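Have a look at the structure below, then the notes.
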Amino acid sequence: MQIMVIYKNIETEIDKIEKLGKLRKKENVDFRIYLKGQDPHRIDEIVYRLNIEISKQIDCTTCGNCCMKLTPVITDQDIQRLSQRLKLKPKQIKEDYIEMAEGEQYFKYLPCVFLKEKKCTIYNDRPEACSSFPHLHKKEFISRLCGVIDNYSICPIVFNVFENLKTELNYK
Ligand code: SF4
Ligand code: SF4
């Protein structure tokens, strides 16, 4: 039997998370340095578990903050899917929705044009970078800490996983 762990004090208020991100900037950078000295496999296991448990307590359909603040990298496969979904040629998708930056393709509008009332209107065909956000299920967490700290102020899942990681590691 699987037991669902309920975390108290889960913070989902975006304004508060943004403020705490600024206030705890130094603390988070220090915690990053501390994490770099830990066993990466152990940290991956804890983060993987925290992500699953905490994600169950946060409803992305009432948030949508990543779609308002971040623009995903778009692959050619994403464009193919969008092309079928929107019934437009890939060339048209690129002209209408994509821009290049540092050799990568991105959506050019922020907030994302596909976000309506905090929900993705192309959910089943959204870009891979959207479906894998906030990337906490991936291995090598401690090699991606700069991005994690950036997302701490944007995504309630990242914020609460990071805070609970500090608690589990008895980080002062
Ligand atoms: S495609 Fe959907 S999930 Fe991705 S940024 Fe736009 S609204 Fe968000
Ligand atoms: S992934 Fe994070 S920022 Fe995006 S909708 Fe879910 S909780 Fe909000």
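Return 163, 168 ranked ascending by Cβ neighbour count within 10 Å, so the fewest neighbours appear first. Write out the running numbers ahead of the final one.
On the way: 163 22, 168 13.
Listed from fewest to most nearby Cβ atoms, that is 168, 163.
With +1 on each Lys and Arg Cβ and -1 on each Asp and Glu Cβ, how big is the dipole of the chain about its Cα centre, in debye rounded to the nearest 20? Kindly include the intermediate steps, with their values, before the conclusion.
Numbers: 29 positive and 25 negative charges, 36 e Å.
My answer is approximately 180 debye.
Would you mind checking the range 141-172 for residues with the amide N under 20 Å from a putative spin-label position 7 Å along Cα→C-beta of residue 23?
Zone members listed by number: 149-168, 171-172.
For Cα pairs less than 8 Å apart in space and 6+ apart in sequence, what is the mean separation divided by the residue count of the range 1-111, i.e. the relative contact order in percent?
The value is 24 percent.
Note down the nm distance, to one decimal, between modelled labels 7 Å out along Cα→Cβ at residue 109 and at residue 87.
It works out to 1.9 nm between the two label points.
Quick one, what does Rg over Rh come out to for the range 106-172 if you take C-alpha atoms and the Kirkwood Rh?
1.04
List, in order, the whole-Hz ³J(HN,Hα) value for each residue of the range 52-69 obtained from phi through the Karplus relation with A = 6.51, B = -1.76, C = 1.60 and θ = phi - 60°; use x for Gly and Pro.
The phi angles translate into 5, 5, 6, 4, 5, 9, 10, 9, 4, 6, 10, 10, x, 5, 4, 6, 8, 10 Hz.
So if the hydrodynamic radius of the range 45-134 is defined as the Kirkwood radius over C-alpha pairs, what does Stokes-Einstein give as its diffusion coefficient at 20 °C and 1.002 mPa s, in µm² per second?
Translational D for this selection: 152 µm²/s.
So what's the angle, to the nearest 10 degrees on a 0 to 90 scale, between helix 76-86 and the longest Cα principal axis of the chain?
Taking Cα atoms only, the helix is inclined about 60 degrees.
Sorting 135, 41 on the 10 Å Cβ count, fewest up front, what's the list? Walk me through the intermediate numbers first.
Details: 135 15, 41 10.
Listing 135, 41 from fewest to most nearby Cβ atoms yields 41, 135.
Normalise the Cα radius of gyration of the chain by 2.2 N^0.38 Å (N = residues in it) and let me know the number.
The value comes to 1.13.
Provide 39, 150, 78 in ascending order of the number of other Cβ atoms located within 10 Å of each residue's Cβ, fewest first.
With the fewest neighbours first, 39, 150, 78 line up as 39, 150, 78.
Under a crude label model (7 Å from the Cα following the beta-carbon direction), how far is residue 16 from residue 139 in nanometres?
3.7 nm
What does the charge count near residue 29 come to, summing +1 for each Lys or Arg and -1 for each Asp or Glu among other residues with Cβ under 12 Å from its Cβ? Before the final figure, lay out the partial values.
Values: positive: 24, 25, 26, 32, 36; negative: 27, 30, 150.
Local net charge: +2.
Values in this text are rule-based calculations from the coordinates and carry no lab data. Everything numeric here is computed off the predicted structure, so don't read it as measured data. As a convention, Cβ positions derive from the backbone with ideal geometry for all residues, glycine included, and neighbour counts pool all protein chains shown.
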